[in-house]
Structure formats: structure tokens, C-alpha cells
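Here is the structure we will look at.
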Amino acid sequence: AEATRLANKFCQDLCPAAAARVEPTAEELDLFWCRCEGLLPEALADALSEILAWSGGVGDWRVCIRALCVIEHLLGRAGGAQAVAEVVLVKTEAVLLDILEQVPECR
């Protein structure tokens, strides 16, 4: 529940200035990971996978971009962060391919 809440808040709560900047900063990504680091890796991977599945369908492409940025950031870190990202990639392989084909803003 906490992993889902944090992931949804980070990816979906776009600030009013989001039209100018959708991609999170490195500081925002680091803060997100600090908040999630103590959570169950499977729960965070499930939450991010759900966000990608939703945003790849009828969702907001900005949410998709933010989720993809989280995954990229986690892949660049060692240990648990990288493991979470790898699980998300495995779980969402088909969704990611759909996003690449159907959501031009995410290419």
C-alpha cells in the first residue's frame, strides 16, 4: 500500500509547471528512492508496473515519462534499486513495447 501510494504520488502528482518540465530532476529521483528504499522491493516493482500498464493504455503520457525516468534512475543505482527496476522491466516488457509504438512522447 505504501509503495503504491509513493509511486502514484511521484508519477501522477504533476505540478502546475509540469507543462514546462515533465521529467523529474535527479534530486527528485534520489528523494523518491530514499522514501522507497525501506519498502518491499516486490511492492515497489508492482506499483511501478501498474503505473506503466495504466499509462500505456488510456493514461497520461506525462505519468508514463515520470515512471520511465524512475526505472532508468533505479537501473543506474546499485543493489536493491537496480533489482526493483529489473523486475519492472521483466513484468512490463510487452507494455513497454506498446508504449514505444503508441506513445510518441515516450520514445
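Read the figures in this text as sums done on the coordinates, not as results from a lab. All values derive from a computational prediction rather than experimental measurement. Cβ coordinates were reconstructed from backbone atoms using ideal geometry, including for glycine residues, and neighbour counts include every protein chain displayed.
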Relative contact order (percent, whole number), the chain, Cα cutoff 8 Å, 6+ residue spacing: 31
FRET E, pair Arg5, Arg107, Förster distance 22 Å, beta-carbon r, rounded to 0.05: 0.15
[x] 59; [y] 77; [z] 47, with the label sought being that of the calculated percent of Cα pairs over 17 Å apart: [z]
Projected label distance in nm at Leu97 and Glu37, using a 7 Å step from Cα toward the beta-carbon: 3.6
For the chain, size of Cβ-based charge dipole, Lys and Arg +1, Asp and Glu -1, in debye: 180
Environment charge of Gly80, counting only residues whose C-beta is closer than 12 Å and scoring Lys/Arg +1, Asp/Glu -1: -2
Nonlocal amide H pairs with Asp60, under 5 Å, H built at 1.01 Å: none
